Amino acid sequence: MTSRRDLLVTIGALPALAQQAPKKPKAFREDEMSLIRDLAETIIPRTDTPGAADAGVEWHIDGALAGRKNELARFRKGLAAAAREQKRGKDLTAILTALQARKDPFFRQLKDLTIDGYYTSKEGLSQELGWHGLTPMAEFEGCTHPEHQLRKKA
């Protein structure tokens, strides 16, 4: 019979074992995951703080789109177009700039998912924003980019 202590030791070891197991994508192929990571890193590159690739944003995107058949299909279509452009010799910055200029829905979806994944990660929250959850904030300014502000209806 297993003792309570042995059971607690086993349960305590489960998170460590889970971290050691290699991850498998839920929605994307390995080559797609690689391109998603590179595109996300182009959006939020490593500077003096970690970038999107350091935060594992591609795993957030994979999890967010798994099981969402229509959104996944649209995202894959945009991802395939980006891959074709990359094979033609365009760099990722040029590809993203072109997508943004023509207001491509794939760009908006990629950008939103990248930002969500990054700023919900340890790297985004604590290393870039310096938020550790221990200090109350009297006020939170939020995003100051004009395109992210609420628009008043006329």
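How do the pairs read when you match residues in region 74-94 that are under 14 Å from R29 (Cβ atoms) with residues anywhere that are open to solvent by 30 Å² or more (accessible area, probe 1.4 Å) and not acidic (D, E), using Cβ under 8 Å and keeping only pairs 6 or more apart or on different chains? Listed by first residue and then by second, the contacts come to F75/Q109.
Of all residues in region 92-133, those satisfying the criterion of being of a type in the set (D, E, K, R) and farther than 19 Å from E58 by Cα are R102, K103, D104.
Within region 29-53, the set of residues being open to solvent by 60 Å² or more (accessible area, probe 1.4 Å) and acidic (D, E) comprises E30, D31, D48. Identification of helices (runs of 4 or more DSSP H) wholly contained in region 55-140 with 1 or more residues that are of a type in the set (S, T, Y) and open to solvent by 30 Å² or more (accessible area, probe 1.4 Å) yields 92-101, 105-119.
The values are calculated or read from the model by the stated rules, or taken from the named source; none is laboratory data. Bear in mind the structure is a predicted one, so any value in this text is a computation, not a measurement. Positions of Cβ are backbone-derived with ideal geometry, glycine not excepted, and every protein chain shown enters the neighbour counts. Accessible surface is based on the protein model in full, side chains and every heavy atom, while ligands, DNA and RNA are left aside. Shrake-Rupley method; radii C 1.70, N 1.55, O 1.52, S 1.80 Å.
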